[in-house]
1. Report the net charge of residues surrounding Val250, where surrounding means a beta-carbon distance below 13 angstrom and charges are Lys +1, Arg +1, Asp -1, Glu -1.
2. What are the chymotrypsin sites (Phe, Trp or Tyr not before Pro) within region 191-263 that DSSP puts in a loop, where the Cβ has at most 10 other Cβ atoms within 10 Å?
3. Considering only protein heavy atoms and a probe of 1.4 Å, how much of the accessible area of the chain is carbon and sulfur, as a whole percent?
4. In terms of Cα to Cα distance under 30 Å, which lysines are near enough to Lys335, apart from those fewer than 8 places away along the same chain?
5. With a 10 Å cut-off between alpha carbons and a GNM built on the chain, which of Thr188, Thr154, Thr127 moves the most?
6. Can you compute 3J(HN,Hα) from phi for each residue in region 6-22, using the Karplus curve 6.51 cos²θ - 1.76 cosθ + 1.60 with θ = phi - 60°, rounded to whole Hz and x for Gly and Pro?
7. What number, in nm² with one decimal, is the all-direction average of the projected area of the convex hull of the alpha-carbon atoms of region 292-361?
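The values are calculated or read from the model by the stated rules, or taken from the named source; none is laboratory data. The model shown is predicted, which means the values in this text are computed figures rather than measured ones. Virtual Cβ from ideal backbone geometry, glycine too; neighbours counted across all protein chains shown. Accessible surface is based on the protein model in full, side chains and every heavy atom, while ligands, DNA and RNA are left aside. Shrake-Rupley method; radii C 1.70, N 1.55, O 1.52, S 1.80 Å.
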Amino acid sequence: MGTACNDTSFFQVVDSSDLGGDQGAFDTPYILDPQNGSEMLVGTCRVWQISTSGAAALQLSNDFDTLGTGVCTGGETNLVTALAAGGAAPNGYSAVVYAVTDGYGPLSGTPGGEVWVTTNAGVSLMTNVTGNVNPNGYAISSVAMDSSDTSGKTAYAGIMGFSTPAHPASHVWKTTNAGASWTDWSGTGATELPDAPVNALLVDSTVTPSQIYAGTDVGVFVSSTSAPSWTEVGPAPGPGVSGFLPDAPVTTLRMFNPDAGTKTLVASTYGRGIWNYALVTSPNYTNVISNSPQTVFPTQTAAFDGTLTAQSGYASAVNLSCTGAAPATCTLNPKQATPTATYTVTAGGSVGDYSFNAHAVGRTPTQLRATRRSRCMWWTLI
């Protein structure tokens, strides 16, 4: 990735010819099956399961508009907008698959977005379980499953649009029985989700209880999955801090865990860039190398700059070491530091390409247990 990433780095995996001639939306949704990384799900006006090599396509549903098997033209009302999968994997792939669709909206005179699901993918076709979640006929933008429910039946749907006096709108709905019934998860009172389109949902199942994040037209909000109670995500406004996100629609949410104990929420916006926010789960620290990779010449050494940064009050000493494949050598200065602090890694060796890791091992004050941080560095001696 980065400067080495260009169009020659990508190749086509699936096109219309692999999906029975189907055309999808301009941004055709697809996901890797979380139970089988060699399988993917693709949405057109129906849902397909296909290998990541583009082979063995299987229809998991009929056409969501006609309920038939004809070719999708890309002009259907109910093109798929988002997919989610999980639950058991008795056949080697997720048995539970959800799909939500677009629709033409409340002023078109045609049905709005819908929610479809199968709990026996590849055997039973998906069925419409929209129920009462979309009385105003808005597009349904997103669906997210709570993987802490191993049955795969707990999921959330995100509804777009705004309320009107005659037609109040709820923007997040929850099901615990694969759509047989739905509960309004928009909340009430001071902790109610703002009346704005929900464009993206993400469930963090690594905490107890799980948390659900909603990306809206007015920011990112989070609620527990045990009871709907929403708060905005991000730094509170203060001196030198504008606070939260700019007023732009949030289009996608993702979560990464680059360092144990630290989770990062990433939000893309429509026209205002990509933003991240560190969700620190305990006093901890990060270990970052700022100038890798490097290219050096014979008789030279590579000097890498490392930074330890404290988070949430971390104040313990961190021991530093480095490892790599022979004949590469590396030394550190200093070998112990208390974040926030900087250090230097010096590397040398004969002509060749090398990689090695700078390890930072410390202790979190509250948990009193060893934690480990590593950062891989690359250098070439020519």
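1. -1
2. Values: sites: Tyr213, Phe221, Trp230, Phe244, Phe256; in loops: Trp230, Phe244.
Answer by residue number: there is no such site.
3. Carbon with sulfur: 55 percent of the solvent-accessible area.
4. Excluding near neighbours in sequence, the set is Lys263.
5. Ranking Thr188, Thr154, Thr127 by mean-square fluctuation puts Thr188 first.
6. 8, 5, 6, 7, 10, 9, 6, 9, 10, 9, 4, 5, 7, 10, x, x, 5
7. Quarter of the Cα hull surface area: 4.7 nm².
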